[in-house]
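What follows is one structure encoded as structure tokens, with my remarks underneath.
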Amino acid sequence: MSIQLSKNTFFVDRTVFGNTFPELKGDRLRIYLLMYRVVGTNPNGSFFMSLDSTAKEVNISMKLTRNAIEWLCRNFFIKNVGRRCQVNVYKVLVVPPDYHLPTDTYYSNEQIQRDRVTMKNTQNGYCELPIEVMQGSILRNHTKWTDRRVKLLGQLYLYHWIDIYGGVDPEAAHFKNNTMHISELLTYTLGCHTNDIKHIVKWLQRERYLTRVKTIYRENQNSCHKELQFIGDAIKTNQQPGDVLVDVIRLTCIPDLKLNDAQNRTGGKISV
């Protein structure tokens, strides 16, 4: 198993990787994710890439790029805040708008600040992604990377807590006896059938975006409910009576700080 460590991350509101916004798709989705990536985690970050450079990054025409940006502005996903060196500057509104389906109306959430504490306090969850994940093919190859594949990868990162679960939360998705188990919440959020998700997970595995890891879960003696907790990878952990083997899904590009936290908590029992 080969793990790539990332020193730079950016976060995306979790609703972007679901079916909350039916019109946020194709060119609009890719340009929006590009803007998130460029802004990163900077609370005051702005996007001022030229129209030509933006079009090249997502491999579409200037006209389609302009149309997508205008739609994102019109519906309060981003905001035009001026010009710099003859290039429009956009603020990425970290929390997408509220969307009312009956009228197809978007309501701005511009007042919510772009920082982790504010987002949590306003119950706006986010997915933290390594910058390397959202580069190259995933934005440019529209045939290979369908919207559903992009969104599922984002969802897997949303549930990927390597220090707590050793990878993706098994309640969301895991393997057991070579059978993949997918939660109803995941299928509901993506708006697709369980089999569709299974096919994409297998595809992501072939493309080496994720791998299967056999891990050890042990009863937590300090918990009132005695729930099972992740102890370490099976290959690096001495199994005890009562331990449970869990095949977790582990993404192969991980923020180095998260992996360091996991190694510290498990005493280095994570294979990389």
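The values are calculated or read from the model by the stated rules, or taken from the named source; none is laboratory data. In this text, all values refer to a predicted model and were calculated from it rather than measured experimentally. Using ideal geometry, Cβ is built from the backbone for each residue, glycine included, and neighbour counts are taken over all protein chains shown. Quick note on the areas: whole protein, heavy atoms, side chains included, nothing else; ligands and nucleic acids left out. Shrake-Rupley method; radii C 1.70, N 1.55, O 1.52, S 1.80 Å.
Structural remarks
- Of the DSSP H helices in the chain, those whose Cα atoms cover at least 30 Å axially and whose Kyte score averages 0.0 or more: none
- Accessible surface for segment 146-271, divided over its residues, is 52 Å² per residue with a 1.4 Å probe.
- Solvent-accessible area of LEU101 with every protein chain in place, 1.4 Å probe, in Å² to the nearest 10: 110 Å²
- Among the trypsin sites (Lys or Arg not before Pro) within segment 220-257, those in coil by DSSP and having at most 11 neighbouring Cβ atoms inside 10 Å are LYS226.
- Within segment 55-108, all pairs of alpha-carbon atoms sorted by distance into 5 Å bins from zero give the percentages 4, 18, 20, 24, 19, 10, 4, 1, 0.
- Placing a label point 7 Å from the Cα of VAL81 along the Cα-to-Cβ line, the residues of segment 26-43 whose backbone N sits under 19 Å from it are 32-43.
- Scanning residues 5 or more positions from GLY232 or on other chains, those with amide H under 5 Å from its amide H are ILE216, with H placed 1.01 Å from N in the peptide plane.
- Within segment 17-97, all pairs of alpha-carbon atoms sorted by distance into 10 Å bins from zero give the percentages 18, 57, 24, 1.
- On a per residue basis, the convex hull of the C-alpha atoms belonging to segment 1-143 measures out at 135 Å³.
- Across segment 144-272, Cα-Cα distances exceeding 26 Å account for 22% of all pairs.
- Rounded Å value of the spacing that divides the Cα centres of segment 125-158 and segment 1-79: 11 Å
- Ratio Rg/Rh [Cα only; Rh per Kirkwood] for the chain: 1.00
- Based on protein heavy atoms only, segment 1-143 ends up with 51 Å² per residue of surface accessible to a 1.4 Å probe.
- With all protein chains in place and a 1.4 Å probe, the accessible surface of the chain carries 47 percent carbon and sulfur.
- Cα-derived Rg over Rh, computed across segment 131-211 with Rh taken as Kirkwood radius: 0.95
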